[in-house]
Structure formats: structure tokens, C-alpha cells
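Single-structure report; data block below.
The values are calculated or read from the model by the stated rules, or taken from the named source; none is laboratory data. Just so it is clear, the model here is predicted, and its values are computed rather than measured. Cβ: placed from backbone, ideal geometry, glycine included. Neighbour counts: every protein chain shown.
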Amino acid sequence: MSAAWWQEGVIYQVYPRSFQDTDGDGVGDLKGIEARLDYLVDLGVDAIWISPIYPSPMADFGYDVADYCDVDPRFGTLAEFDRLLAAAHDKNIRVLLDFVPNHSSSRHLWFLASKSSRTNPKRDWYIWRDPAPGGGPPNNWISDFGGSAWEWDESTGQYYLHAFLKEQPDLNWRNPAVREAMYDVLRFWFARGVDGFRIDVLWHLIKAEGLPDNPPNPAYHAGMGEMHRVQQLHSTDQPEVLAIAEEMRKIADSCGERVLIGEIYLPLERLMHYYGRDVAGVHLPFNFQLLEAPWKAEVLARMIAEYEAALPSGGWPNWVLGNHDRPRIAARIGEAQARVAAVLLLTLRGTPTIYYGDELGLGHVEIPAAWVQDPRELREPGLGLGRDPVRTPMPWDATPNGGFSTAVPWLPLCSDFADRNVARLEQVPGSMLTLYRQLLALRRAHSALSIGTFALLDASSAAPDVLAYERRHGDERLLIALNLGSTPRELALPAWAHDARRLLSTVESGDSRFGSGTETGTRVVLGADEGLVLAPSFAPEV
């Protein structure tokens, strides 16, 4: 059977507020994404995932949805979305949207009705409870943004649940009417031609019956953020969520070749459950292990092997280095190793997701106190949990505001945008942008990298700091060798890779055109911070 597009392809996350502004308000918009589609074509991605664009008061920058079937005027109109979708499809780029089913905005018409009285038909669309017997919140659950997960409503004399901000009341997914209304949202966008969804906090949707207290976290310390004072045993990851994922999958599959990606921050064994029985859950439960993994070869090798071994039969892997919630990879491990990480992301088995700007090597951006906008940072300042530094505008050129906007952007650009911008980096043969383009072209040229099998190189053959593995499809075999250290390392090559030619190196200057013809014999020396993709110089026996 041929692979699905989402198995062969590469996904690129667009944070719409920060990609391209066309109306001069300092905030990115749909027309801006459409204007940059050729850039995405040249980069070589197959799909874009657009973070929320729905009408919203923006208490949590779009993750507080006031209308699931429209577009916020800050970003454009529904007609402009349709034009973007058509233009992307004309360029063979698929479009995924963010689906935010756990909670709505407190200004959604559903919640306004629910809050109006205890007898309103939509009262049970949200989670309302009386105070605890001694007064106060019904249980000890803590919002992910700190503070109690319960908000008192004076007018009806009950608390409502909010896993995040009080402006984001949790929907009651045990109510069949809620399920059907949210499934209708999926059908609405699928009918418009959307190719799939990333499902926000999927593992939160169902809460334990009776809403018992969560147990305390014995490992808690203040630097972790208040949400970690308790273990979210009863407020997340309930068995009933899996049936919901399977129902969503049926809707997606009934609409053609669509994809569902679940945001799920759980240990590996629990993550695998979201593939569903007989792999009928979400197509891709997001694999976030690389976001926080210690950057050591032996750790990554073990992590990759355990992930591959845990996959259910028929389950397709996926990998991600960054997103709108976590520090950028270049900020975490430095730009030299971020180049190596790019090779890792785009040569591992499975679907990779690139976060916008990582292809430029964007790192940490300092946000002056007066500019801070993220409620996560405003509620628990000083813990380094703020997400503003990873949501800053895309620098397109060296003009004022980096070509992002004619107005002052909503967040500051990176301080080095005059040098670190698309217009400049695409002219530099050895730039990070050039590397990403080469890697994406290499994936397209070699099926072994997109749909091939994966095998780690025998650890006894690998030098310290080196992670090496084989990708194979039919007669084609490629060797990827990554030096995760700052000291040159020598790697013994397996017999099939003797005299291999170098398809790509992260430290070569100039455009290697995927084949410098370098002979490596039986061993190869990797330079400091070097990643290599090697191919045999002969047709291997199979």
C-alpha cells in the first residue's frame, strides 16, 4: 500500500499573529500567510498547521474560542480563509487548523447561556458544581496557569471548571449534545476543504466521575509552576477520552484523506493509547520527547529505540523540535547543534513538524517587561514559563520591523533580525535556511528518508557523542551520523556503507548539491557539531 500524504510529508506550524501582517496593525493575518506561500513551496514543506484563527477575546491568544465556525477579524474573514485554502491547494500545500475542544471562551454564546441560570438548557454544557461542604472550590484541582481551576459565579451560586484561564471554561464532554456540537465543527471545516486538525489538549477532555481531589505531587518545587503541586490523575487522561478520539477519527476518515494530530503531554506508555484500538484513534499523537530530552547521544538513542518499540502495529511515528509553547531548539542547545537537530528531525522515521522560524535558527528573544503579553508569564512571573519569546514575528528582511509589518509588531523581533532574516539567509549557501531547504529536498529525493525503515547503528560501533542510524527503502540505504558534541569524532562504518559518498553535511561551506563525492573508506571523521547523510557509492546487495 502507498503511504498517506501525512506519512510522507512534512508539516510546518504557522503562528498566524507572527507570520506576516498585511493590514498594518502589527498582527499577522490570513492574507499574510497567502502572500508567503511561495516561500513555503521553496522551503519544501507539504502542509501548514495554522494556530487558532477563530473569533476570540484573545485572553489566551485564540485558545479561548468565541465562535468555532468563523474567523477573527484580526486575521481576516471566512472568505479570505477560503482563498488561502484554495491558493495553498493550488501549490500542493495541505492546510491543517487548530481545534480547541476542551474549553471555549467565557464569551461564547454557549457559555453565556449556560451561565444565565441553573435551568438553562445549556447549563450542563459546562462543568458546574456546588461549593465544597466546608465552603470554597469543589476540589483541589489547579489551573495549568496557576491558582484554583474553579471560578465562583455569584449569580447562580456555583463554581465552574477551567483547566486554564477563568476566561476558558471547560466544556462537559460527558454531555452527548456537546460532543455532537463539536463534531459538527469538524464537519464544517472538513466540508470547506481543510485537510486536518491539530487537537488542542486532547487528553484533558474527560474528567473522572465524581471529580475527586488530585493527589499531591511529592516531587513538587516552586520553580515548576503551581499546576504541578498536584498530579493530574483525575482531571486528565481518562479512559473515556479514547472513545472520543475514535469518534473524531471516524469523521475524519469519512471525509477522505484527512489527518488528526493530538496534543498529548503524557508518558510514552500512555501516549500510545491515543492511537486507539486497531490504530483507529488520532493518526498522530504528538511525540514531544525531543522538546526536553537531554542533548546526549546515548539518551537520544535510547529514547528513539523505546519510542519505536512502543508503537502499536500500524502506528506511524512523528517528531517535533519546537512549538508555540516551548523554548526554541536553538535557544536550548545553541545554533551549531540546532543544525544537527534539523538533520535529526528530518531524517528520523515518521512525520516531522517544523515550527516557523526554526529554519532561520531563531533563538531566545528577550521580552521587555512592558511588552509581556502571555498570561502564563503574567500569572507566574520569573519562572521562565512565559511563551512570548517563542511567538515573536518572522523576520523576512532587514527593513524596519523585519518586513513583517509596516507598524510596530505586537511582540519585538529577534535582536539580530537585520542579519537573521529570510532575504539574507536564502543568499548564504551555508545558512540554516539553506540547510533546511537541502534537507527537505533530500527527503523528497530519497524515499528511504520519508517512508523507509529505521535501525540504530550498533552502539559498539558508535563513537562517544555520536548518534548514527540507517534508513532503508527497497534497495536504497542511507546512513545518518550526528555528532552531538564539540569534539571531532571518528565513526566506524558498517560494511554496506564503506566508501560512502556524502549527500549532506551541516558544516560544509557552499551548496554541496547533495554529492561532493567524498570518499570515506571504512571510517568517517565527523567534525565538531557535524551531521552527515551518507549513501553507499555502490548498489548494495539485498
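A few notes on this one:
- Cβ-Cβ contacts under 9 Å between residues 6 or more apart (or on different chains), taken from a first residue in segment 390-405 that is over 20 Å from residue 75 (Cβ atoms) to a second residue that is of a type in the set (Ser, Thr, Tyr) and modelled with pLDDT of 95 or more, are listed as 400/406.
- Conditions (1) assigned by TED's automatic domain parsing to the domain that holds residue 380; (2) over 25 Å from residue 232 (Cα atoms); (3) surrounded by 15 or more Cβ atoms within 10 Å (Cβ to Cβ): number failed by residue 180: (3)
- Residue 308 closer than 30 Å to residue 412 by Cα, acidic (Asp, Glu) and either assigned by TED's automatic domain parsing to the domain that holds residue 463 or out of contact with any Cys (no Cβ under 7 Å at 6 or more places or on another chain) (or both): no
- In segment 187-220, residue nearest to the chain's Cα centre (by Cα) [restricted to those that are under 22 Å from residue 53 (Cβ atoms) and in a loop (DSSP other than H, G, I, E, B)]: 200
- Count - residues of segment 301-329 that are under 30 Å from residue 365 (Cβ atoms) and touching a Gly at 6+ places or on another chain (Cβ under 7 Å): 4
- From 120, 139, residue being at negative phi and touching a strand residue (DSSP E or B) at 6+ places or on another chain (Cβ under 9 Å): 139
- Filtering segment 267-307 to residues that are of a type in the set (D, E, K, R) and over 19 Å from the mean Cα position of the chain (by Cα) leaves 269, 277, 278, 296, 298, 302, 306.
- Unmet criterion (only one of (1) more than 25 Å from the chain's Cα centre (by Cα); (2) in the same structural domain as residue 339 (by TED's automatic domain parsing)) for residue 488: (2)
- Segment 127-183, residues that are among the basic types (Lys, Arg), over 26 Å from the mean Cα position of the chain (by Cα) and under 22 Å from residue 100 (Cβ atoms): 174
- Criterion (within 22 Å of the chain's Cα centre (by Cα) and either assigned to a loop (DSSP other than H, G, I, E, B) or more than 30 Å from residue 283 (Cβ to Cβ) (or both)) met by exactly one of 378, 346, 385: 385
- Filter result (among the β-branched types (Val, Ile, Thr) and buried (at least 16 other Cβ atoms within 10 Å of the Cβ)) within segment 275-319: 282, 304
- Scope segment 250-269; condition in contact with a helix residue (DSSP H, G or I) (Cβ under 9 Å, 6 or more places away or on another chain), of a type outside the set (Ser, Thr, Tyr) and in a helix (DSSP H, G or I); matching residues: 251, 252, 268, 269
- Hey, residue 468 touching a strand residue (DSSP E or B) at 6+ places or on another chain (Cβ under 6 Å) and without any contact (Cβ under 8 Å) to a residue 24 or more places away in the chain or not: yes
- Filtering segment 108-139 to residues that are of a type in the set (A, V, I, L, M), in a loop (DSSP other than H, G, I, E, B) and closer than 18 Å to residue 181 by Cα leaves only 127.
- Residue check, residue 272 part of a helix (DSSP H, G or I), surrounded by 21 or more Cβ atoms within 10 Å (Cβ to Cβ) and either among the charged types (D, E, K, R) or touching a residue at least 40 places away in the same chain (Cβ under 8 Å) (or both): no
- Flag for residue 529 being at pLDDT below 95 and part of a loop (DSSP other than H, G, I, E, B): no
- Condition met for residue 366 (surrounded by fewer than 20 Cβ atoms within 10 Å (Cβ to Cβ), in contact (Cβ under 8 Å) with a residue 12 or more places away in the chain and among the charged types (D, E, K, R)): yes
- The condition of being closer than 30 Å to residue 84 by Cβ and either free of Cβ contacts under 8 Å to residues at least 24 places away in the same chain or assigned by TED's automatic domain parsing to the domain that holds residue 257 (or both) holds for only one of 171, 233, 211, 202, that being 202.
- Failed criterion for residue 82 (all others in (1) over 28 Å from residue 436 (Cβ atoms); (2) surrounded by 17 or more Cβ atoms within 10 Å (Cβ to Cβ); (3) touching a helix residue (DSSP H, G or I) at 6+ places or on another chain (Cβ under 7 Å) hold): (2)
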